[in-house]
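Below: one structure, written as structure tokens.
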Amino acid sequence: MGGAMSWVSERNLVSAISNAGGFGVIACGAMFPDLLEKEIIETQKLTNKPFGVNLITMHPKLGELIDVCIETKVSHIVLAGGLPTKPNIEKIKGAGIKVMCFAPALSLAKRLVKMGVDALIIEGMEAGGHIGPVSTSVLAQEILPHFKNEQIPVFVAGGIGRGEMIINYLEMGASGCQIGTLFVCTNESIAHKNFKEVFIKSAARNAIPSVQISADFPVIPVRAIANKASDDFMKRQKEVIDEYQKGQISKEDGQLEIEKFWAGALRRAVIDGDVETGSLMAGQSVGMVDREKPVKEVVNMLVQQANNHIERKSVEAAKQIVNQ
């Protein structure tokens, strides 16, 4: 399953993932209904395979975006960025569309299932973009055993870059894995060549979460490759804190100044190629990105790694039986 990445997960990449045997997901992000409708229709022209649409629950036009998905006969909707409302879930399901939601904890996973979601995605802090505080492996151990005997598919995401890891999560009870970072540097990805080059050169340790300096000014952690913008963000936080302590700015205005810092930063990096002042959102699996390649090659690589892993385990198991 392709992770929905703003400015990256559009018609070309999404259709390529689905055509290669995966499940592409359009990142709606801040798109308004007319633009989303066009993106879905253009994606449908490029593939006859199923794909999904990721909608942000806090979007001011969420209801209209859902209507667009219903009208264009999208098969799956992923609701992200907050707890969805039951009426929205019921509206989507009533139209025959499958609903998938992110569950950052077991308690929330149970709640979402009671609300009627069809599948869950658990994403650990190794992922790129906005992240929670818990690692993928811990979330998997907490949530997967609970749903192993239930008819609720669970997909695992965050830092996954090899087929062997996919098999491990499948054995724990997952239905599949969601991968984003590996697809950024594909031929079909429209990301700027500068953006792709940074990914290829980066190691896992270069993809770090944004740092919050003061509890008075909370920062939602975002994992991205460190660059000049990362340093400038730290400086801006310190300036705002200093202004607040001197009574030169209110807490509310200070918070707004900090949140405004990253406005348009992802687009600057992905589309314009500004890798200095743009946001280089990436998961820690970026260290496994070595070159630009077709989506089909990435999918085949993961499948081959998974098959080789299964084969090795079968051979080892057979040897143990013979030795007994």
Accessible area per residue in Å² at 1.4 Å probe, computed on the stretch 128-212: 45 Å²
Enumerate the amide H contacts of residue 281 below 5 Å, restricted to partners 5 or more residues apart or on another chain; note that Pro and chain-start residues carry no placed amide H. 225
Listed residue pairs exceeding 31 Å between alpha carbons, taken from 93/148; 38/114; 98/296; 296/319; 49/193: 38/114; 296/319
Can you tell me the mean projection area, over all orientations, of the convex hull of the stretch 65-210's alpha carbons? Units nm², please. 10.1 nm²
For helix 251-260, what angle does its Cα long axis make with the longest principal axis of the chain, in degrees from 0 to 90 and rounded to 10? 50 degrees
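For a Förster distance of 35 Å, can you work out the FRET efficiency between the beta-carbons of residue 290 and residue 30, rounded to the nearest 0.05?
On the way: r = 32 Å, r/R0 = 0.91.
After rounding to 0.05, the efficiency reads 0.65.
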For the pair residue 152/residue 64, report the inter-label distance in nm, with labels modelled 7 Å from Cα in the Cβ direction. 3.3 nm
Looking at the chain, send over the antiparallel percent of its DSSP beta bridges, to the nearest 5. 20 percent
Can you bin the stretch 142-295 into rounded, prolate or oblate? Criterion: square roots of the alpha carbon gyration tensor eigenvalues sorted a ≥ b ≥ c, rounded for a/c under 1.5, prolate for a/b above b/c, oblate for the rest. oblate
Label-point gap, in nm, between residue 75 and residue 105 - each point 7 angstrom along Cα→Cβ: 3.5 nm
Checked against the positive end of the charge dipole of the chain (+1 on Cβ of Lys and Arg, -1 on Cβ of Asp and Glu, about the Cα centre), the farthest of 153, 103, 46 is 153
So which residue, out of 253, 67, 118, gets the largest mean-square fluctuation from a GNM of the chain using Cα contacts under 10 Å as springs? 253
Could you work out what % of the accessible surface of the stretch 178-324 is carbon and sulfur, using a 1.4 angstrom probe and leaving DNA, RNA and ligands out of the count? 53 percent
Cβ-placed point charges (K, R +1; D, E -1), dipole of the stretch 69-174 about Cα centre in debye, nearest 20: 400 debye
So for the chain, averaging the separation of alpha carbon pairs under 8 Å that are six or more residues apart and normalising by length, what relative contact order in percent results? 17 percent
To the nearest 10 degrees, how steeply does helix 33-46 sit against the main Cα axis of the chain, on a 0 to 90 scale? 30 degrees
Separation of the residue 85 and residue 220 label points, Cα + 7 Å toward Cβ, nm: 1.9 nm
Taking the 0 to 90 degree range and rounding to the nearest ten, how far is the long axis of helix 106-115 tilted relative to the main principal axis of the chain, both from C-alpha atoms? 80 degrees
Using a 10 angstrom cutoff on alpha carbons, build the Gaussian network for the chain and name the most mobile of 213, 143, 97. 213
Estimated FRET transfer efficiency when R0 is 51 angstrom, pair residue 310-residue 208 (beta carbons, to 0.05): 0.90
Distance histogram in 10 Å bins (all Cα pairs of the chain, percent per bin): 6, 24, 33, 25, 9, 3, 1, 0
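The values are calculated or read from the model by the stated rules, or taken from the named source; none is laboratory data. Nothing here was measured: the structure is a model prediction, and the numbers come from that model. Cβ: placed from backbone, ideal geometry, glycine included. Neighbour counts: every protein chain shown. With ligands, DNA and RNA removed, areas are computed over all heavy atoms of the protein, side chains included. Shrake-Rupley method; radii C 1.70, N 1.55, O 1.52, S 1.80 Å.
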